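Please treat every number below as a calculation from the coordinates, not as lab data. Computed from a prediction, not measured in an experiment: that's the story for all the values here. FYI the Cβ positions are ideal-geometry reconstructions off the backbone, even for glycines, and counts take in every protein chain you see.
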Amino acid sequence: MRKPFIAGNWKMNLERSSAIALAKAVCESVGARDDVDVGLFPPAVYLRDIVEAAQSSPVQVGAQNCCDQVGGAHTGEISVSMVQDVGSGLVLLGHSERRHVYGESDELINRKVHTALAQGLDVMLCLGETQEQREAGETEAVCGSQLQAGLAGVGVEDLQRVTLAYEPVWAIGTGLTASPEQAQDAHAYVRGVLAGIATDDLAARTRILYGGSVKGENAADLLARPDIDGALVGGASLTPEAFLPIIPDSPEAPGN
């Protein structure tokens, strides 16, 4: 059975003091739980602070992006070794805002995936369709293409260090959410494509998160679907009051 993974992508939000306080609140709530994985993706300038805030916790801390190059004259970029140097072992790649706002191509994202995995970072790879693509019936074609391009040339051993996140672009920051049935259908399709890229066994073990206006009110219904293994949370990850209710209760919690 796949362990749920709930991750908060803070994007370009929060100030240093509030970011640290949020991380500490999440870590305190998670405690020593091992039945769920929780991750935080803070802005790069706070990455070290959040790693330190979570150092005695199982909460994972990842970078929101990294460069496809190992180092050198790349002004404004952050290398994999820099991410690792501040204590992080995870990176988010291919987020829809990187694709659709900043123009990152499938080929660039694939290079980033290779660079990150080769140098020891685990990867959370995002994919998803726009509203126009969904209305045109292209959801599966888009997701399949992004997945195959993003993982092109990645060996089965490295694929075991990849988590996927399906995030329909039309549901990000809009208040719209894919229905549990829509999300499940997309997740099941993506898992099938992954089986074709690798093996049935690896596809069955790979976690696929849903991202797109996830809140405490809709998280349980989404997570109840067989192929939805967690959530990549945006706006609702910015306060403990909104983020913590998304994390599933421990099976040992009173009343469960």
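A few notes on this one:
- Relative contact order, whole percent, for the chain stands at 20, derived from Cα pairs under 8 Å and 6 or more residues apart.
- Calculated [θ] (222 nm, deg cm²/dmol) that DSSP helices of n ≥ 4 give over the chain, each run adding -39,500 (n - 2.57): -11000 deg cm²/dmol
- Long-range HN-HN contacts of Gly230 with modeled amide H, under 5 Å: Phe5, Tyr210
- Cβ-Cβ FRET estimate between Arg2 and His74, R0 fixed at 30 Å, reported to 0.05: 0.25
- For Ile78, distant residues with modelled amide H under 5 Å away: Cys67
- Glu140 versus Ala152: modelled label distance in nm, points set 7 Å from Cα along the beta carbon direction: 2.3
- Label reach from Ala188 (point 7 Å along Cα→C-beta): in the range 223-247, amide nitrogens under 18 Å belong to 223-230.
- Lys-Lys pairs in the chain that are eight or more residues apart or on separate chains and whose Cα atoms lie under 22 Å of each other come to 5.
- Maximal additional length on extending the Arg16-Ala224 stretch stands at 71.4 nm, based on 0.36 nm per residue less the C-alpha distance.
- The alpha carbon radius of gyration of the range 1-74, expressed as a multiple of 2.2 N^0.38 Å, is 1.20.
- For the range 1-51, the relative contact order works out to 57 percent when only alpha carbon pairs closer than 8 Å and six or more residues apart are counted.
- In this structure the amide hydrogen of Met124, modeled in the peptide plane, comes within under 5 Å of the amide hydrogens of Val91, Leu92, Leu93, Thr163, none closer than 5 places in sequence on its chain.
- Cα→Cβ-extended label distance, 7 Å offset, between Ala118 and Asp34, nm: 3.5
- Separation in nanometres of the label points that stand 7 Å from Cα toward Cβ, at Ala25 and Gln55: 2.4
- 3J(HN,Hα) from dihedral phi, the range 116-129, Karplus parametrisation 6.51/-1.76/1.60, rounded to Hz, x for glycine, proline: 4, 5, 5, 9, x, 8, 6, 10, 10, 9, 9, 7, x, 9
- Karplus-derived HN-Hα couplings along the range 176-187 (A = 6.51, B = -1.76, C = 1.60, θ = phi - 60°), whole Hz, x at Gly and Pro: 7, 9, 4, 5, x, 5, 4, 5, 4, 4, 5, 4
- Listed values for the range 140-152 are Karplus-derived 3J(HN,Hα) couplings in whole Hz (6.51 cos²θ - 1.76 cosθ + 1.60, θ = phi - 60°), namely 5, 4, 5, 5, x, 5, 5, 5, 5, 5, x, 9, 4, and x replaces Gly and Pro.
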